[in-house]
Amino acid sequence: MFELDFSMLQWILLAVCGLFVGMSKVGVPGVSMIVVPTLAIIFGGKVSTGILLPMLMMADLFGVGYYHRHAQWKYLWKLLPWAFVGVGIALWVGEAVNDEWFKNIIAILVFLSIGLMLWKDRKKGKQFFPDKWWFAASMGVLGGFATMIGNVAGPVFAIYLLAMHLPKNNFIGTTAWFFLIINFSKFPLHIFVWKTINWNSLSLNIVLLPAIAIGAILGIWLVKKVSDKMYRTAVIVITALSAFLLLI
């Protein structure tokens, strides 16, 4: 698929991507969205999803290991079946379109996720959706599609859990289990259907593992030092710029 022969700039970007993935699992939400368009620019749309998935899986183990006791399974059981439907739809779409369209779809999903983040902030503290089956179904299908196509389902799932008014630890624990289950389920699909994961790509993931671990440690420190507003503004601006570059 590729050789581990990158320029210095590409290695720096890959290391930064590893840092951001690690940070995203320890309470720095949204920062991993920057990784999605960055990897797509380096590797192409479809291949990049296979590069990112094992990185997320390794980081998911950190999240579940720390917050596993706080998961609210009744919400997971409502969402997971629909999420797998969305994964199936995305699997078909990914086979049907070329890489240029794949990158465009990723860019659109990233912009949609940014919109959901901004809308969620405006609705903070308000009851904006009822606890109905159709809401879980729609969020599940959209989240499953977004996570399979571009690994950008975080804001979609966050909207659903915020509507359920979960406390902080329950929110993080439920999110951690959801993505662990979904990401590990996607792994064989990337190997045998899309063929975006092989020993070569996994060797790159292993090389980036220290960056992911350092990112987790850095994220814990960063949460305490940087204001929410400054952080979120930076994430949204950089992510939007990266997604725009995918469309060029």
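Each reported figure results from applying straightforward, stated rules to the coordinates on display, with no laboratory input. All values derive from a computational prediction rather than experimental measurement. Cβ atoms come from the backbone with ideal geometry, glycine included; neighbour counts cover every protein chain shown.
Arrange the peptides 167-175, 91-99 so that the one whose residues have, on average, the most other Cβ atoms within 10 Å appears first.
Details: 167-175: 18.1, 91-99: 13.9.
Descending packing order for the listed peptides: 167-175, 91-99.
About its Cα centre, what dipole magnitude does the chain give when the only charges are +1 on Lys and Arg Cβ and -1 on Asp and Glu Cβ, stated in debye to the nearest 20?
Details: 19 positive and 9 negative charges, 220 e Å.
Dipole of the chain, to the nearest 20 debye: 1060 debye.
Determine the alpha carbon to alpha carbon distance for each of Lys25/Lys74; Lys46/Lys132; Lys103/Lys132; Lys46/Lys168 and list only those over 28 Å. Show your work: numbers first, answer last.
Values: Lys25/Lys74 22 Å; Lys46/Lys132 34 Å; Lys103/Lys132 33 Å; Lys46/Lys168 34 Å.
With Cα atoms farther than 28 Å apart: Lys46/Lys132; Lys103/Lys132; Lys46/Lys168.
Calculated from DSSP H runs of 4 or more alone, at -39500 (n - 2.57) each and per residue, what is the 222 nm mean residue ellipticity of the chain, nearest 500? Please report the intermediate quantities before stating the final value.
On the way: 10 runs with 197 residues, N = 248.
Roughly -27500 deg cm²/dmol at 222 nm, from the helical runs in the chain.
Let me have the relative contact order for the chain, percent, based on Cα pairs under 8 Å that are six or more residues apart. It would help to have the intermediate numbers written out before the result.
Details: 340 pairs, mean separation 96.6, N = 248.
So the answer I get is 39 percent.
Starting with the highest mean, order 202-209, 138-145, 110-117 by the number of other Cβ atoms within 10 Å, averaged over the residues of each peptide.
Details: 202-209: 15.8, 138-145: 23.8, 110-117: 18.9.
Final packing ranking: 138-145, 110-117, 202-209.
Which is farthest toward the positive dipole end of the chain among Asn170, Tyr67, Ile212, measuring Cα position about the Cα centre, with Cβ charges +1 (Lys, Arg) and -1 (Asp, Glu)?
Comparing the listed Cα positions along the dipole, Asn170 ranks first.
Starting from the Cα of Arg69, step 7 Å along the direction of its Cβ; do the same at Leu241; then give the gap between the two resulting points in nm.
About 4.3 nm separates the two model spin labels.
State which helices in the chain qualify, where a helix is a whole DSSP H run, it must extend 30 Å or more along its own axis by its Cα atoms, and its mean Kyte-Doolittle hydropathy must be at least -1.0. Don't skip to the answer; put the middle values down first.
On the way: long enough: 45-67 (32 Å, 1.03); 73-96 (35 Å, 0.90); 99-122 (35 Å, 0.73); 168-192 (37 Å, 0.70); 199-225 (38 Å, 1.43).
Helices passing the filter in the chain: 45-67, 73-96, 99-122, 168-192, 199-225.
Would you please calculate the Kirkwood hydrodynamic radius of the chain over all C-alpha pairs and express it in Å, rounded to one decimal?
18.0 Å is the Kirkwood radius here.
Tell me, what is the percent relative contact order of the stretch 25-120, built from C-alpha pairs under 8 Å that lie six or more residues apart? The partial results should precede the final answer.
Details: 33 pairs, mean separation 36.3, N = 96.
Dividing the mean separation by the residue count of the stretch 25-120 yields 38 percent.
Would you mind getting me the FRET efficiency between Trp133 and Leu9? Use the beta-carbon distance for r and R0 = 51 Å, nearest 0.05.
0.60
Using 0.36 nm per residue of separation minus the Cα-Cα distance, give me the extension gain between Met57 and Lys225 in nm, one decimal. Spell out each step's value before the answer.
Details: separation 168, 0.36 × 168 = 60.48 nm, distance 2.69 nm.
Stretched fully, the Met57-Lys225 segment lengthens by 57.8 nm.
Taking the Cβ of Leu52 as the centre, find all other residues whose Cβ is under 15 Å away and add up their charges (Lys, Arg: +1; Asp, Glu: -1). Before the final figure, lay out each step's value.
Details: positive: Lys25, Lys46, Lys103, Lys186; negative: Asp60.
So the environment of Leu52 carries a net charge of +3.
Along Cα→Cβ, 7 Å out, is where each label goes; now give me the distance between the ones at Ile217 and Asn104 in nm to one decimal.
That separation, rounded to one decimal, is 4.5 nm.
Using +1 at the C-beta of Lys and Arg and -1 at the C-beta of Asp and Glu, which of Val36, Pro188, Leu80 has the Cα lying farthest in the positive direction of the dipole of the chain?
Of the listed residues, the answer is Leu80.
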